[in-house]
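Engineer: The structure follows.
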Ligand code: ATR
C-alpha cells in the first residue's frame, strides 16, 4: 500500500482489540478500491475514552469503529448520533464531521445483518422471530426485525430482566412512532399502523420457558455466546422439539463456520446460516460512510472469500493452470512429500459420471461439463482438508469457480511457456480441446485468453517450466 502525505487513517477502538478482523476488511477494501487509507487497532481503556475521541479528532483521523466495551459509552462524546444508532443504543462507527467539529455515531451492525438476510433471501415480514440472547448484539437484531416487519419477536434469555428491559425499550419505540420517522418502514403505514401497535411485538421469555413458544415456521437468531470456538459442541437449547419448529436459523457466531445450533436446525429440516456476511457488511457500510463511495459488489464478493480464508484457515493447496502445466504430475508428488492427500477434479468427475471427460464433452457438451465442475467444487469445499487439489484447465475461467477455489485453499497457478505445454501434450489424444489441425496455434490462442484469468484466480504464480520433478517441486515449495 502506498502511504504518503495524504493517506487517511482509520481504526478500531475497543479493549481488547488484538483478535479483530476489521483491518483485513478495511485495508483490503482500500487496496481493491485504490484509496489511500490505513486501518489500525487502538486499545483504549474506559477512563481514556473521552480523551481518545477528542485526540482522534485533533489528529485528523477520518473515522473509527467502536467495539466492546465502548459501544454505549462513546455516545456521550459525539457531535451527533444517527437515529437508528440512538434507538438501538449502540454505536459501532464514527464518521468525522468537520462542520460539527466531531464525530457522528452510526450503528452498521444492524444494516449489516439486514443486508445479509436480504441476500440470503430471508423475509421477516409478518413472521414470528425468536432471538436467543439479550446481550450486546441483541438490541440491533430486535430493531432490524422490527423494521423488516416481523410480526412477533420472542426475546429469550437466561437473565429474564435483560430481555425484559430490551423488550420494554423497543415496544415503547414502536408505539411512539419513532421508527417510522427515522426510516421508511413499510409495515407502519397509515392503514396498518394500528395492527402492529395494538400489542407488544417484542415479548421477553426466560430461557427455561422457551417451550411456551407455540408457533411454527420460526426464524431464529442465535445471539448468545454459546457455541463459539473452541466450545463448538455447546448449544443454548438442545431440545429437538424446539428445532422442529424452526424454518430458518441465523447464528451470529461465524467461528466455527457451522455451529451446533446450525447443525441442529439443519438436522430438523431447516436452513441455517452463520453471520460472517454480517461482519463483512457492517464493515463495508462503515467504509462507504467514511470514504463516501459505493463499494462494487465484485469487490465485496472477493473480500468475503478473503475473510473466510482468514477465519477458517483452510490448509489445502489448489493447483490451476493450462493443460500440461503439471497440475497432476507435480501435484501428486507435492502431496507425497508434504504428507497430504491428492484429489484431481477431472478424475473425481470421471469416477462420478462413469465416463471420461472426452465422453462427457461429446455426449453432454461443454456447458454441462462446466456446470458439473462447479457442483464438484461446491461439494469438495466442505470435504477437503490437508489436500492438494489438481483442477481441470478450464476450471477457474468461470468467476464462480475461481471464488470457490480460493474458498478451498491457497491457489497456485502453474505457469509454463507455450512451447513447453505443447511438447508435453502434443501426443495426448484424450484432450478434447486439442483435437483438429494446428494444435500449437490453438494452444497459443487459448493461453492468451486464459492467462489473465488464471492470474486473477490465483494467489501465487509458480514457474512450472522445468520437466525435472525435483526442480519443479522446489519451485512450488518455495512459494508455499
Ligand atoms: P454481551 O453480549 O453483553 O457482551 P455475553 O456475555 O457475550 O454478553 O452474552 C451474550 C448472551 O449470551 C447473553 O444473552 C447471555 O445471557 P445472560 O444475559 O443471561 O448472561 C448469553 N449467555 C452467555 N452464557 C450463557 C449460558 N451459559 N447460558 C445461557 N445463556 C448464556
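The values are calculated or read from the model by the stated rules, or taken from the named source; none is laboratory data. Predicted model, so just to flag it, every value in this text is computed and none were measured. Here the Cβ positions follow ideal geometry from the backbone for every residue, glycine too, while neighbour counts run over all protein chains shown.
Engineer: Which of the residues belonging to region 68-105 are at positive phi and touching a residue at least 60 places away in the same chain (Cβ under 8 Å)?
Structural biologist: Matches in region 68-105: 89 only.
Engineer: Let me ask you something else. Yes or no: residue 86 more than 24 Å from the chain's Cα centre (by Cα), away from the ligand (no atom under 16 Å from the Cβ) and within 20 Å of residue 285 (Cβ to Cβ)?
Structural biologist: It is true that residue 86 is more than 24 Å from the chain's Cα centre (by Cα), away from the ligand (no atom under 16 Å from the Cβ) and within 20 Å of residue 285 (Cβ to Cβ).
Engineer: Please determine, by comparing only the residues of region 336-351 that are surrounded by 13 or more Cβ atoms within 10 Å (Cβ to Cβ) and over 29 Å from the mean Cα position of the chain (by Cα), which one is farthest from residue 389 (Cα to Cα).
Structural biologist: By that ranking, first place goes to 350.
Engineer: Now a separate question. Which condition does residue 296 not pass, out of (1) free of Cβ contacts under 8 Å to residues at least 24 places away in the same chain; (2) in contact with a strand residue (DSSP E or B) (Cβ under 8 Å, 6 or more places away or on another chain), if it passes all the others?
Structural biologist: Residue 296 satisfies every listed condition except (2).
Engineer: Now a separate question. Taking the residues in region 121-140 that are more than 8 Å from the ligand (Cβ to nearest atom) and touching a strand residue (DSSP E or B) at 6+ places or on another chain (Cβ under 7 Å) as candidates, determine which candidate is farthest from residue 152 (Cα to Cα).
Structural biologist: Looking at residues that are more than 8 Å from the ligand (Cβ to nearest atom) and touching a strand residue (DSSP E or B) at 6+ places or on another chain (Cβ under 7 Å), I get 122.
Engineer: Also, I was wondering about something else. Do you know which of the residues in region 227-244 that are crowded, with 19+ Cβ neighbours inside 10 Å and assigned to a loop (DSSP other than H, G, I, E, B) is nearest to the chain's Cα centre (by Cα)?
Structural biologist: 227
Engineer: Further, regarding this structure: Which residue is nearest to the ligand (Cβ to nearest atom), if the candidates are limited to region 205-226 and must be touching a strand residue (DSSP E or B) at 6+ places or on another chain (Cβ under 9 Å) and in a loop (DSSP other than H, G, I, E, B)?
Structural biologist: 224
Engineer: Then there's this: Considering only residues of region 160-181 that are in contact with a helix residue (DSSP H, G or I) (Cβ under 8 Å, 6 or more places away or on another chain) and more than 16 Å from the ligand (Cβ to nearest atom), which is modelled with the highest pLDDT?
Structural biologist: Step by step, filter region 160-181, then rank; the result is 173.
Yes or no, residue by residue, for (1) surrounded by 15 or more Cβ atoms within 10 Å (Cβ to Cβ); (2) on the phi < 0 side of the Ramachandran plot:
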residue	(1), (2)
387	yes, yes
413	yes, yes
429	no, yes
436	no, no
439	yes, yes
447	yes, yes
453	yes, yes
468	no, yes
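Engineer: Would you confirm whether any residue within region 152-159 is modelled with pLDDT under 95, away from the ligand (no atom under 16 Å from the Cβ) and either assigned to a helix (DSSP H, G or I) or closer than 26 Å to residue 112 by Cβ (or both)?
Structural biologist: yes
Engineer: Part of a loop (DSSP other than H, G, I, E, B), closer than 23 Å to residue 278 by Cα and free of Cβ contacts under 8 Å to residues at least 40 places away in the same chain: is that true of residue 18 in this structure?
Structural biologist: Working: part of a loop (DSSP other than H, G, I, E, B): yes; closer than 23 Å to residue 278 by Cα: yes; free of Cβ contacts under 8 Å to residues at least 40 places away in the same chain: yes.
So residue 18 passes the test.
Engineer: Shifting gears a bit: Any residue in region 31-46 that is touching a strand residue (DSSP E or B) at 6+ places or on another chain (Cβ under 7 Å), closer than 15 Å to residue 93 by Cβ and within 16 Å of the ligand (Cβ to nearest atom)?
Structural biologist: No, the conditions are met nowhere in region 31-46.
Engineer: Okay, next question. Suppose we filter 60, 27, 65 for residues that are in a strand (DSSP E or B) and either more than 18 Å from residue 136 (Cα to Cα) or touching a residue at least 24 places away in the same chain (Cβ under 8 Å) (or both); which single one remains?
Structural biologist: Of the residues listed, the single one that is in a strand (DSSP E or B) and either more than 18 Å from residue 136 (Cα to Cα) or touching a residue at least 24 places away in the same chain (Cβ under 8 Å) (or both) is 65.
Engineer: Moving on. With the structure loaded, tell me whether residue 1 is at pLDDT below 95 and not in a strand (DSSP E or B) or whether it fails that test.
Structural biologist: Against the criterion (at pLDDT below 95 and not in a strand (DSSP E or B)), residue 1 qualifies.
Engineer: Could you say whether any residue in region 239-248 is touching a strand residue (DSSP E or B) at 6+ places or on another chain (Cβ under 9 Å), in contact (Cβ under 8 Å) with a residue 40 or more places away in the chain and within 11 Å of the ligand (Cβ to nearest atom)?
Structural biologist: No, there is no match, as no residue in region 239-248 is touching a strand residue (DSSP E or B) at 6+ places or on another chain (Cβ under 9 Å), in contact (Cβ under 8 Å) with a residue 40 or more places away in the chain and within 11 Å of the ligand (Cβ to nearest atom).
For (1) in a strand (DSSP E or B); (2) more than 30 Å from residue 174 (Cα to Cα), each residue gets a yes or a no:
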| residue | (1), (2) |
| --- | --- |
| 6 | no, yes |
| 9 | yes, yes |
| 50 | no, yes |
| 75 | no, no |
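Engineer: In addition: Can you find a residue in region 281-291 that is within 24 Å of residue 135 (Cβ to Cβ) and within 16 Å of the ligand (Cβ to nearest atom)?
Structural biologist: Yes, region 281-291 contains at least one residue that is within 24 Å of residue 135 (Cβ to Cβ) and within 16 Å of the ligand (Cβ to nearest atom).
Engineer: Here is a follow-up. Go through the residues of region 315-326 one by one and say whether even a single one is in contact (Cβ under 8 Å) with a residue 40 or more places away in the chain and assigned to a helix (DSSP H, G or I). Show your work before the answer.
Structural biologist: Step one: list which residues in region 315-326 are in contact (Cβ under 8 Å) with a residue 40 or more places away in the chain, which gives 315-326.
Now restrict to residues that are assigned to a helix (DSSP H, G or I): none.
Checking region 315-326: not a single residue is in contact (Cβ under 8 Å) with a residue 40 or more places away in the chain and assigned to a helix (DSSP H, G or I).
Engineer: When you look at residue 395, is it crowded, with 22+ Cβ neighbours inside 10 Å, within 34 Å of the chain's Cα centre (by Cα) and touching a residue at least 12 places away in the same chain (Cβ under 8 Å), yes or no?
Structural biologist: yes
Engineer: Just the residues that are buried (at least 21 other Cβ atoms within 10 Å of the Cβ) and touching a strand residue (DSSP E or B) at 6+ places or on another chain (Cβ under 6 Å), please, taken from region 309-335.
Structural biologist: Once the filter is applied, which keeps residues that are buried (at least 21 other Cβ atoms within 10 Å of the Cβ) and touching a strand residue (DSSP E or B) at 6+ places or on another chain (Cβ under 6 Å), region 309-335 yields 316, 317, 318, 319, 320, 321, 325, 326, 327, 331, 334.
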